[in-house]
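The values are calculated or read from the model by the stated rules, or taken from the named source; none is laboratory data. Nothing here was measured: the structure is a model prediction, and the numbers come from that model. Cβ placement follows ideal geometry from the backbone for every residue including glycine, while neighbour counts extend to all protein chains displayed.
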Amino acid sequence: MLAAVTAWRDAVADMIPEVPRGIEASKKITDQQVLDWIAADQAKTPAETRELIKYASFHTLHNAGVSALNLNHARVGLSKALNTTARWAPRIVNPVDVNGKGIVYWFDIRDYWGHTLIDTSDPNFAARVPRRGSRSDSVQPRDRAPDRGRKGARIPSARAAIRADA
């Protein structure tokens, strides 16, 4: 079976177009180049939104000799990771290539985080939100660990555990 798959792969290899690269594979990208690209991009960004724009670089993958196809896989992985954490975000948003080279991408954190299903513009919103430490709060005191031995015992969420340690 492996021989048949290998023969098929070799037969169609010349039919598959090569994924284009923004920079030659042999050219190494320095940290300073990445910082310069980010600085150039920030210069085009309004000052009031700069702190909301974050950057991700794949220059270490490029320098390690990763193929253009695998660099694209890394870009897709970044997009999936960001959109997976975007709880209740209204749409899927992909990071944007800074300069068309496929190495540095920017994303605006407002596209991913800060969305809620609760109408926070309601004037009674604050009255309905339980205060931390109130009896309606699901966080258990630190000196009492949850009972994980019984079947059906409630296991607190990771968010509740993080808040309890804060």
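In the stretch 51-58, is there at least one residue being among the hydroxyl-bearing types (Ser, Thr, Tyr), surrounded by 13 or more Cβ atoms within 10 Å (Cβ to Cβ) and touching a Phe, Trp or Tyr at 6+ places or on another chain (Cβ under 7 Å)? Yes, the stretch 51-58 has at least one match. Candidates are the residues of the stretch 1-36 that are among the β-branched types (Val, Ile, Thr) and in a helix (DSSP H, G or I); the one that is farthest from Val66 (Cα to Cα) is Val5.
Residue count for the stretch 86-111, restricted to those that are in a loop (DSSP other than H, G, I, E, B) and modelled with pLDDT of 90 or more: 10. Could you tell me whether the stretch 64-78 includes any residue that is in contact (Cβ under 8 Å) with a residue 24 or more places away in the chain and closer than 21 Å to Ile109 by Cα? Within the stretch 64-78, one or more residues are in contact (Cβ under 8 Å) with a residue 24 or more places away in the chain and closer than 21 Å to Ile109 by Cα.
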